[in-house]
Amino acid sequence: MASDKRKRKQGGRAGLPWIRDRHPIFRFLLGFIACMGLFYLFYYSSLYRQYLEGPFLNAQAQLSNALLRAIGHDTLVNGTSIAGADFAVNIKSGCDGLEAMAILVSGIAIFPVAFRYKAPGMLWGVLFLFALNLLRIAGLYLAGLHFSEAVFEFLHIQGGFIVFTMISVLLWFIWMNWSTQKAQTAKAHE
């Protein structure tokens, strides 16, 4: 009888503990979806498409071309294309690595730890993914130059979206582990 009164006093909460227990997860998911929604609003905006996308893709082409030239390939950049005598690769929207970076940054931004742990995760994570994307672009040029079109397309699609996104999520998990340990250590020393 006493337990029934307690349940009624809690306003029916006893019957729905799974909602209360998962509230942080739902809040995290909603925050993540909101961050990614903001990213896509910017990514598909006329501001980004008209003024920022071209220079950003050109910068990636220039840097990837520098890598190719450093290993002895005679390549040139024309806009967003890297071309040699026998093959050319054109960097387009979606090949820029920004979606994977946005996934990482969104996950870090929403994770419930102090900003002092978020800032290095965002900075180093974005820098790592940016550098990795430059290597991916240079690697795609080399794959197109030395392998069949089918191999190039497989590496482009699988390495471009699936593997790159998986690496972003893996970095996010590594950062979550690091930041949680740092926060627990700092709390223990207080």
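Where a number appears in this text, it was derived from the coordinates with a stated rule and is not lab data. Remember, it's a predicted structure, so these values are computed and weren't measured experimentally. Positions of Cβ are generated from backbone atoms using ideal geometry, with glycine treated the same way; all protein chains shown enter the neighbour counts.
Structural remarks
- Alpha carbon centroid spacing (whole Å) that separates region 28-105 from region 128-190: 15
- Relative contact order for region 15-183, counting Cα pairs under 8 Å that sit 6 or more residues apart, in percent: 22
- In the chain, the longest principal axis of the Cα atoms and the axis of helix 115-146 are about 30 degrees apart.
- Sequentially through region 54-68, phi angles give Karplus couplings (6.51, -1.76, 1.60; θ = phi - 60°) of x, x, 5, 5, 5, 4, 5, 5, 4, 5, 5, 4, 4, 5, 5 Hz, Gly and Pro residues having no value and appearing as x.
- Put in order of Cβ neighbour count within 10 Å, fewest first, the listed residues Val163, Val151 become Val151, Val163.
- In order along region 176-190, phi translates into HN-Hα couplings of 4, 4, 4, 5, 5, 5, 4, 5, 5, 5, 5, 5, 5, 8, 6 Hz, rounded to whole numbers, per the Karplus curve 6.51 cos²θ - 1.76 cosθ + 1.60 with θ = phi - 60° and x for Gly and Pro.
- Short-range pairs are left out: with C-alpha atoms under 8 Å and at least six residues apart, the relative contact order of region 65-109 is 20 percent.
- Computed over the chain, the quotient of the alpha carbon radius of gyration and 2.2 N^0.38 Å is 1.42.
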